[in-house]
Amino acid sequence: MQRRYAVALGIAFLVAVLAPFLASSNPDGLEKTAEKFESAQDREAELLSSPFPDYTVPGMPGAASEVVAMIIGTALVFVLSLGVARALTKAG
Amino acid sequence: MHIPDGFIPLSQAAIYALIALVFIVRSTKWAREEFSEVPLLATLAAGIFAIQALNIPIPWGTSGHMTGGVLAAILLGSPWAGVFILTLVLVVQALFFADGGITVLGANILNMGVISTFLGYYTYLALRKRVGIAAASFAGAWLGLVAAALATALELALAGTFPLREGLIFMGMYHVVIGLVAEGTLTALVVTTVLRVSPEILPAKAREVA
């Protein structure tokens, strides 16, 4: 059982590491729609300076920056989910 | 389709956050009482975060990625799984990666975590016996994504950010295609692969194929 999870988690990290190389840099559906309307221009506001804006590590060059950001993010989601779900299961 | 800060005024964003909160609280009840495979849940959440970064190109110089709520619901056998996991993923994306705004976090959770997941999962359940798991998960995931996109367009129209009609048309058009090439295809692929390779890691409810 544990081994299956390890394999699955390995696949998740593999996707995370490959995503910066494979992902299309075209705007997504929402961004593309927003480009069409005057009413959506200049509305976007950044209220919080995030540590990894646009999935990059500030100061790190090129692809490495995106790969590291994705690894950190995937690990963060895994640990946070594990922690929250475990805390809830114990509480229940 | 992560809405950024500034696209929805605070007063409206607060309403979406309240609605989302009701669903999030109920999803924690699911995690507490109806689910015990914590490592499976965390692995799935990590995988959904990773795959959300994989933007697939579509026509019109646009791209789109899978969101994963329907996948989580099908694999773990409950729509609350989709709400719970998407909430965690969207919180990390908003706080650490500036992907989706902080003030609109509730709206993003409502669209991708709640609306997409519930509609997609119940579509899957309704179709499963008739068309099989692969086609049903494809259809559910596709419908869920399109519904989330239309809900997003409606919210942005209420916010005065998008015109109603064109907003619905463009959001719908792009996500009909993103639903085909990303959400539908990848959901069906992952569901059928997991059921073939290691069905025993899934909760009994997800394995039922009547």
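By count of other Cβ within 10 Å, fewest leading, how are A:5, B:124 ordered? Walk me through the numbers before you get to the answer.
Working: A:5 17, B:124 26.
Ordered from fewest to most neighbouring Cβ atoms within 10 Å, A:5, B:124 come out as A:5, B:124.
Show that you can apply the helix-only estimate: for chain B, add -39,500 (n - 2.57) for every DSSP H stretch of four or more residues, divide by all residues, and state [θ] at 222 nm to the nearest 500.
The per-residue figure over chain B is -22500 deg cm²/dmol.
Sorting B:116, A:50, B:198, B:11 on the 10 Å Cβ count, fewest up front, what's the list?
Ascending number of Cβ neighbours within 10 Å: B:11, B:198, A:50, B:116.
For the protein assembly as shown, how many pairs of lysine residues have a Cα-Cα distance under 25 Å, where the two are 8 or more positions apart or belong to different chains?
Taking the Cα cut-off of 25 Å, the pair count is 4.
On a 0 to 90° scale, report how tilted helix B:116-131 is relative to the longest principal axis of chain B, with both axes built from alpha carbons and the result rounded to the nearest 10.
40
Amide H neighbours of residue B:63 under 5 Å, counting only residues 5+ apart in sequence or on other chains, H built in-plane at 1.01 Å?
Excluding prolines and chain starts, which carry no amide H, the hits are A:28, A:29, B:58.
Working from Cα positions, state the angle (0 to 90°, nearest 10) between the long axis of helix B:185-197 and the longest principal axis of chain B.
20
With 10 angstrom as the radius, rank A:24, A:81, B:63 by how many other C-beta atoms surround their C-beta, starting from the fewest.
Lowest count first: A:24, B:63, A:81.
Using a 10 angstrom cutoff on alpha carbons, build the Gaussian network for chain B and name the most mobile of B:96, B:138, B:23.
For chain B, modelled as a Gaussian network with Cα springs under 10 Å, the answer is B:96.
What do you get for the angle between helix B:38-52 and the principal long axis of chain B? Use alpha-carbon atoms, 0 to 90 degrees, nearest ten.
50
In a GNM of chain A with a 10 Å cut-off on Cα contacts, which of A:59, A:29, A:73 has the highest mean-square fluctuation?
Result: A:29 has the largest fluctuation of those listed.
Of B:21, B:174, B:82, which is farthest on the positive side of the dipole of chain B, counting Cα position, with +1 on Lys and Arg Cβ, -1 on Asp and Glu Cβ, and the Cα centre as origin?
B:82
Quick one: what are the phi-derived ³J(HN,Hα) couplings along segment B:149-154, Karplus 6.51/-1.76/1.60 with θ = phi - 60°, whole Hz, x for glycine and proline?
5, 5, 4, 4, 4, 5
Near the amide H of residue B:6, under 5 Å away, which other amide H atoms are found, from residues 5 or more places off or on another chain, if H is placed in the peptide plane?
A:45
Each value in this text was obtained by applying a stated rule to the coordinates, not by laboratory testing. Note that the structure is predicted; figures quoted are calculated from it, not measured. Here the Cβ is made from the backbone with ideal geometry for all residues, glycine too, and neighbour counts use every protein chain on show.
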